[in-house]
1. Determine ³J(HN,Hα), in whole Hz, for all residues of region 271-281 in sequence, where each value follows from phi through the Karplus function 6.51 cos²θ - 1.76 cosθ + 1.60 and θ = phi - 60°; x replaces Gly and Pro.
2. At R0 = 30 Å, how high is the FRET efficiency between Met187 and Tyr119 if r is their beta carbon distance? Nearest 0.05 is fine.
3. Counting each DSSP H run of 4 or more residues in the chain as -39500 (n - 2.57), what helix-only mean residue ellipticity at 222 nm follows after dividing by all residues, to the nearest 500 deg cm²/dmol?
4. Using a simple spin-label model with points 7 Å from Cα along the Cα→Cβ vector, what separation in nm is obtained for Ser5 and Asp101?
5. Over all directions, how big on average is the projection of the convex hull of the alpha-carbon atoms in region 162-237, in square nanometres?
6. What is region 1-107 by shape, rounded, prolate or oblate, if you read a ≥ b ≥ c off the alpha carbon gyration tensor as root eigenvalues and call it rounded for a/c under 1.5, prolate for a/b larger than b/c, and oblate otherwise?
7. Please give the peptides 49-56, 137-144, 201-208 ranked by average Cβ packing (other Cβ atoms within 10 Å per residue), highest first, as a rough proxy for protection.
8. Report the local net charge at Met65: Lys and Arg +1, Asp and Glu -1, summed over other residues whose C-beta lies under 13 Å from its C-beta.
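Every read-out reported here was derived from the displayed coordinates using simple, explicitly stated rules and does not represent laboratory data. No experiment lies behind these values; they were computed from the predicted model shown. Here the Cβ positions follow ideal geometry from the backbone for every residue, glycine too, while neighbour counts run over all protein chains shown.
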Amino acid sequence: MSHESIIQLMIDKGYSDLVGGGDPRDNGELNLAILNKYYSLNENSSVLDYGCGCGRLALPLLEQMQGAGKYVGIDIIPDLIDFCISEISTIYSNSQFIRVDAQNSHYSKWLNNIRSNDYNLAHLAETECQSYSLITAFSVFTHMPKREMALNLNLLSNLLQPNGKIILSMFLINSFTHSCIESGISMISFNRNSFKLNQHIFYADQKDPMAAVGVTEDFLFDIASESGLTVTDIHYGRWRGRPSELSFQDVVVLGKAAHLPDNFNAKRYLDMNSDLPWSPESPSGLLDAKLHYLHHGYYEGRRSK
Ligand SMILES: C[S@@+](CC[C@H](N)C(=O)[O-])C[C@H]1O[C@@H](n2cnc3c(N)ncnc32)[C@H](O)[C@@H]1O
């Protein structure tokens with residue numbers, strides 16, 4: 001089936017509206033452009049698309065990947081994952097879609113079809129620790145309570161390789177955003193009481209709080225550092241009522257610096273990875289082993305050549 005037909009099916013089945021509406025083609029292309037701005041895809045890239053929805057990003061991204069590397073999409077809604085498996089995995093053999101188990105009040109009516117073999121993110125973080133060079137989460141941290149954001153970012157950090165990146169889109173509240181909301185120019189009116197109460201989380205709709213969630217920039221910096229991540233870029237979005245050529249939501253890029261574990265043993269690393277050409281007897285060989293680990297390693301095992 002062509003991309004055009006899959007996109008038409010997303011619209012006809014109501015999945016495009018379920019994940020935010022608009023033209024799914026434009027949305028996918030836009031998020032791909034954001035990905036390409038901050039990350040250089042290559043044939044070794046392994047991408048985890050957290051909250052992949054109905055595959056709006058997956059389609060153009062997999063086309064760009066041209067069969068190389070690996071793409072995994074995960075989401076909590078069984079119907080969306082089933083759709084991606086039947087329409088997208090069948091065309092792109094380097095793609096995989098997995099349903100993960102989590103509750104979400106905004107999507108609750110779509111979550112009644114839960115199966116027994118479902119994973120949750122914690123399980124995935126354990127079995128696929130440090131497997132991904134890039135994790136995207138477009139408009140997913142906009143639908144979660146604070147505690148879950150902290151927990152899930154931590155698990156995503158476990159899934160990320162050293163030197164990997166996480167690209168998120170979300171609604172960030174700082175003093176400027178606050179003034180945009182107060183003066184009524186912002187396109188989303190987050191609850192002003194949250195400012196008065198000095199809370200870090202903001203809802204646009206009190207009756208459906210998970211429909212659109214904003215958090216303070218301080219909170220983002222805190223949960224990033226608690227997860228071993230550094231905020232390397234923030235690009236503010238149009239939702240504040242100010243122009244932005246990039247996107248409606250704010251885009252946040254997080255990096256995971258590589259470091260050698262305290263107990264790293266370069267000789268053992270070379271012994272365990274016998275295809276590496278360096279001698280464990282020479283100082284330069286041990287140095288090369290350390291550099292190799294920083295780019296590819298996972299303790300003494302490793303994820304890529
Ligand atoms: C606004 S949609 C965006 C979908 C997709 N990223 C896109 O841009 O097309 C939010 C998605 O996040 C998913 N989601 C919400 N909470 C989640 C969680 N805890 N884990 C994984 N996915 C989640 C929802 O099911 C939904 O598909």
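1. Computed from phi, the couplings for region 271-281 are 4, 7, 10, 5, 7, 6, x, 8, 8, x, 8 Hz.
2. That pair, Met187 with Tyr119, gives E of 0.25.
3. -10000 deg cm²/dmol
4. 3.6 nm
5. 5.7 nm²
6. Values: a/c = 1.44, a/b = 1.32, b/c = 1.09.
The shape class here is rounded.
7. 49-56, 137-144, 201-208
8. Numbers: positive: Lys70; negative: Glu43, Asp49, Glu63.
Neighbourhood net charge equals -2.
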